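The values are calculated or read from the model by the stated rules, or taken from the named source; none is laboratory data. Computed from a prediction, not measured in an experiment: that's the story for all the values here. Cβ: placed from backbone, ideal geometry, glycine included. Neighbour counts: every protein chain shown. Remember, those area values only see protein heavy atoms, side chains included, never the ligands or the DNA or RNA. Shrake-Rupley method; radii C 1.70, N 1.55, O 1.52, S 1.80 Å.
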Amino acid sequence: QVQPVESGGGLVPAGGSLRLSCTASARVFSISPVGWFRQTPGKEREFVGAINWRDTTTYFADSVKGRFTITRDSAENTVYLQMNSLKPEDTAVYYCAVDRRLGVVVPSTRTDEYYYWGQGTQVTVSS
C-alpha cells in the first residue's frame, strides 16, 4: 500500500508498555529511513525516533531515549515501535512516515522531510 498503516495504540496505565506497528508496501519501505512522530492538540508534530532501513541503526528524541526501541521486519514490510515505561506525557497520536531523502544514512527529524504518512494511532497513558 502507498499509505502506511499504523496499529497497536490503546489505553495503558503509566509504567506500562505498548508495541505499535507500521506496515507498507515494499516500494515504500525500501532504502530510506522510516520515522515515528507524535502529535497532541495545539502542538506541532514531534519527532520520536527513526530507523535506517538498510542497516537498522536507530535514532531517538531525548524524551524517549532508554524507553523506546524501533525494529523492522523486512519480510513483512513492517516497522515496530516498542514503548516501555510509558508516561502520561507520551499521550498522543503516533504516526509513521518515510524520509523523502532517498537512501540517506542519518534520518531527518523534520516533518517536512518525510512523506507517505500513515493515518495515525492513538496512544493514551493514564496517571
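Observations
- Residue match in the range 109-120 (condition: open to solvent by 70 Å² or more (accessible area, probe 1.4 Å) and either in contact with a Phe, Trp or Tyr (Cβ under 7 Å, 6 or more places away or on another chain) or at pLDDT below 95 (or both)): yes
- Test: residue 32 is in contact (Cβ under 8 Å) with a residue 60 or more places away in the chain and hydroxyl-bearing (Ser, Thr, Tyr): yes
- The residues of the range 1-52 that are farther than 18 Å from residue 76 by Cβ, among the small types (Gly, Ala, Ser) and open to solvent by less than 10 Å² (accessible area, probe 1.4 Å), listed by number, are 35, 49, 50.
- The residue that is surrounded by the most Cβ atoms within 10 Å (Cβ to Cβ), among those in the range 60-103 that are hydroxyl-bearing (Ser, Thr, Tyr) and without any contact (Cβ under 8 Å) to a residue 40 or more places away in the chain, is 69.
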